[in-house]
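What follows draws every value from the coordinates through simple rules; no lab data is involved. Note that the coordinates shown come from a computational prediction; the quantities given were computed from them, not determined experimentally. Please note: Cβ atoms are built from the backbone with ideal geometry, for glycine as well, and neighbour counts cover all protein chains shown.
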Amino acid sequence: MENTAATKKVMLSGIQPSGDLHLGNYLGAVKNWAALAEEFDCYYFMADLHSITVRQNPAELRRRSLAQLAQYIACGLDPEKNTLFIQSHVHEHAELGWILNCYTMFGELSRMTQFKDKCAKNADNINGGLFTYPSLMAADILLYQADYVPVGEDQKQHCELTRDIATRFNNIYGETFKVPEPYIPKVGARIMSLVNPTSKMSKSDPHGCVFLLDSPEEIARKFKRAVTDSDTENCVRYAPAEKPGVANLMSIYSSVTGKSFEEIEAEFQGKGYGAFKPAVGEAVIEALRPVREEAQRIMADKAYLQQVYTQGAQKAGYVARKTLRKVYKRVGFVEKPF
Ligand code: TRP
């Protein structure tokens, strides 16, 4: 059978526009998503509804939502092959989110580790949205009858809960939702902080984090200051347990150049960290240069961006409406006359 949109499995992921994209997002996720479009029917959205569970500056949120869309396109997500949209443009997310709240238990939501973490970090704003965040996330996924959800480790618990909610609803009302599975990519490096190589690269640690829009000078500076290991051998060798800093730099270098660890070890034999760190920086600068330039070009083209998110919202809305109509009928709402 031909692999058309009707027969392809559905892949969906959301990213909160709460920070700029960094090298970890790129090498670990977005770069690899571009290749999935041939095999899957892919939906990617800016999760702006989710992001206001933490207080946002409105102008910044708007800017980042569009900048993130531009960066996705620049990373290779072709808007003709993927459905790229802004979550709040498809109001079915909020509507199904409400319904699913009524099929999600207080106890389940209370057990979410992300909720507990966020409560600790935002003690002055523990709002209801933070608590019911996972039912909205379940709505995001179930509206599109997604088969797979590519997510990191931190979102696995939310994906599990989505499966439980879908199964519960299906058991009460009959088959309504596809029960999705987390998607663990075959390729994709786990990139660690440059200054603290045992934690994941994160925007909250700006010195250890390389942003896609950083200038070449900034990138070079960050790699020069990258932490290598305090061993005395000063030798580029892949040993993640003993030498996490060097292993991280090797993963980055391997991801951007396609070279294997053996090839990298051979290339830097006898050269030491002093030569290795700037070489990784240079390779990253060259890998990100076209992405940054393309993202900047797209960000300046407001009309094009608007066309992309309009088309995305129309395509997504069509699918979302179909699921929501079915759900409204199942739970017993009177059919809408218009
Ligand atoms: N919660 C996800 C995160 O913080 C973002 C997200 C929202 C998401 N809705 C989603 C991810 C649906 C996958 C599917 O990373």
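Observations on the structure shown:
- Backbone N atoms of segment 88-110 closer than 11 Å to the 7 Å Cα→Cβ label point of Ile172 belong to residues 99-105.
- Looking at segment 234-275, the GluC sites (Glu not before Pro) that sit in a DSSP loop and have at most 14 other Cβ atoms within 10 Å of their own Cβ are Glu242.
- Multiplying the residue separation of Glu218 and Ala241 by 0.36 nm and subtracting their alpha-carbon distance yields 5.4 nm.
- Length released on extending from Glu95 to Ala59, taking residue separation times 0.36 nm less the Cα-Cα span: 10.4 nm
- Label-to-label distance, nm, for residues given as Glu282 and Gln307 (7 Å Cα→Cβ offset): 4.0 nm
- Alpha carbon Rg of segment 223-282, scaled by the compact-globule rule 2.2 N^0.38 Å: 0.97
- Cα lying deepest toward the dipole's positive end in the chain, options Cys102, Met299, Phe261, charges on Cβ: Cys102
- The listed peptides 248-260, 322-334, 286-298, ordered by packing as a protection proxy, come out as 248-260, 286-298, 322-334 (highest mean of other Cβ atoms within 10 Å first).
- For the set Lys8/Lys336; Lys156/Lys200; Lys200/Lys259, the pairs lying more than 24 angstrom apart at their alpha carbons are Lys8/Lys336.
- Per residue, the convex hull volume that the Cα atoms of segment 2-89 enclose (Å³): 95 Å³
- Rg of the Cα atoms in the chain, relative to 2.2 N^0.38 Å, amounts to 1.08.
- Approximate spin-label separation Glu39-Asp117, in nm, with each point projected 7 Å along Cα-to-Cβ: 2.8 nm
- If the chain linking Cys102 and Glu265 were pulled fully straight, counting 0.36 nm for each residue of separation and taking away their Cα-Cα distance, it would gain 53.1 nm.
- Of all DSSP-defined beta bridges confined to the chain, some 10% are antiparallel rather than parallel.
- Within segment 53-125, GluC sites (Glu not before Pro) in DSSP loop having at most 15 other beta-carbon neighbours inside 10 Å: Glu80
- Size of electric dipole in the chain: Cβ of Lys, Arg +1 and of Asp, Glu -1, about Cα centre, debye, nearest 20: 880 debye
- GluC sites (Glu not before Pro) lying in DSSP loop within segment 142-196, provided at most 13 other Cβ fall within 10 Å: Glu175
- Value of [θ]222 nm, deg cm²/dmol, for the chain, DSSP H segments ≥ 4, -39500 (n - 2.57) each, nearest 500: -16000 deg cm²/dmol
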